[in-house]
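A.B. asks: Have a look at this one.
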Amino acid sequence: MTLRPHLRLHVVSASVRPTSAARPVAGWVAGRAREHGGFDVTPVDLADLALPFLDEPEYASSGIYAHPHTRAWSALADSADAFLFVLPMYNGGFTAPFKNAIDFLHAEWRGKPVGLVSYSAGGTGGAPAARMLRPVLEAVGMVPAESSVAVPGIDGLVSAEGFRAPEGLAGELARVLDEVAALAKAPVSA
């Protein structure tokens, strides 16, 4: 038995708004994940996927995908060992396009660890959205890390230069990365 040397981690920017803070935050998260050393990191921007509202004739659990956009999303998600979702909080919850992206697939999520990084303009840092998302992730068979990161006051942290992480955030993210790595590492046959 050998351990996989690097885990394939997809860092997903879970907003489709053109002015979303998810992209700069996800860029910072991806950089920290690369520095962590245990991951091959692939950034995924939900806006770039341009998924329509769920338009598959079959249930996702069938694994029968009629459309090229679904097959491409399936292959991308299936290629990951683990995920980090960077999500905004809108009106107390996570976004409809993000739920839609989750609903397109089923088997591709099963058994995969996931870490959550939420943010908001207010003081909660989007933690209510992350809490609301957990049962959805568990329903599709993902394994959410116990630790998560919540970034309050996002408007003052994102500028044309990118995301300026508050003091201590890197340590919080490192805990999430450690937990996701521990959840994802499993012996594989040599």
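A.B. asks: Which of the residues belonging to segment 70-92 are buried (at least 16 other Cβ atoms within 10 Å of the Cβ) and either in a strand (DSSP E or B) or charged (D, E, K, R) (or both)?
C.D. replies: If the condition is that a residue be buried (at least 16 other Cβ atoms within 10 Å of the Cβ) and either in a strand (DSSP E or B) or charged (D, E, K, R) (or both), then 81, 82, 83, 84, 85, 86, 87, 88 are the ones that fit.
A.B. asks: For segment 148-190, give me each residue that is of a type in the set (Ser, Thr, Tyr) and either assigned to a helix (DSSP H, G or I) or within 14 Å of the chain's Cα centre (by Cα) (or both).
C.D. replies: Scanning segment 148-190 gives a single hit, 148.
A.B. asks: Starting from segment 171-190, take each residue that is within 20 Å of residue 109 (Cα to Cα) and list its partners that are in a helix (DSSP H, G or I) and at pLDDT below 95, counting only C-beta distances under 7 angstrom and pairs at least six apart or across chains.
C.D. replies: Qualifying pairs under 7 Å: 177/36.
A.B. asks: Taking the condition of being within 20 Å of residue 166 (Cβ to Cβ) and either of a type outside the set (Ser, Thr, Tyr) or in contact with a Phe, Trp or Tyr (Cβ under 7 Å, 6 or more places away or on another chain) (or both), how many residues in segment 99-144 meet it?
C.D. replies: Selection size over segment 99-144: 12.
A.B. asks: Give me a count of the residues in segment 22-49 that are within 22 Å of residue 164 (Cβ to Cβ), out of contact with any Phe, Trp or Tyr (no Cβ under 7 Å at 6 or more places or on another chain) and crowded, with 23+ Cβ neighbours inside 10 Å.
C.D. replies: Counting residues in segment 22-49 that are within 22 Å of residue 164 (Cβ to Cβ), out of contact with any Phe, Trp or Tyr (no Cβ under 7 Å at 6 or more places or on another chain) and crowded, with 23+ Cβ neighbours inside 10 Å gives 3.
A.B. asks: Return the residue satisfying two criteria in turn: it lies in segment 100-120 and is assigned to a strand (DSSP E or B) and of a type outside the set (A, V, I, L, M, F, W, C), and of such residues it is surrounded by the fewest Cβ atoms within 10 Å (Cβ to Cβ). Let's see the steps before the verdict.
C.D. replies: So the first thing to find is which residues in segment 100-120 are assigned to a strand (DSSP E or B), and the list is 113-119.
With the extra rule that they be of a type outside the set (A, V, I, L, M, F, W, C), the set shrinks to 113, 115, 118-119.
Details: 113: 22, 115: 28, 118: 28, 119: 30.
Selected residue: 113.
A.B. asks: So which residues in segment 124-170 are open to solvent by 70 Å² or more (accessible area, probe 1.4 Å) and touching a helix residue (DSSP H, G or I) at 6+ places or on another chain (Cβ under 7 Å), if there are any at all?
C.D. replies: Hit for segment 124-170 is 146, nothing else.
Yes or no, residue by residue, for (1) more than 25 Å from residue 149 (Cα to Cα); (2) part of a strand (DSSP E or B); (3) touching a residue at least 12 places away in the same chain (Cβ under 8 Å):
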site: 19; (1), (2), (3): no, no, no
site: 23; (1), (2), (3): no, no, yes
site: 28; (1), (2), (3): no, no, yes
site: 32; (1), (2), (3): no, no, yes
site: 43; (1), (2), (3): no, yes, yes
site: 48; (1), (2), (3): no, no, no
site: 57; (1), (2), (3): yes, no, no
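The values are calculated or read from the model by the stated rules, or taken from the named source; none is laboratory data. Predicted model, so just to flag it, every value in this text is computed and none were measured. Positions of Cβ are backbone-derived with ideal geometry, glycine not excepted, and every protein chain shown enters the neighbour counts. Only protein heavy atoms, including side chains, enter the accessible area calculation; ligands, DNA and RNA are left aside. Shrake-Rupley method; radii C 1.70, N 1.55, O 1.52, S 1.80 Å.
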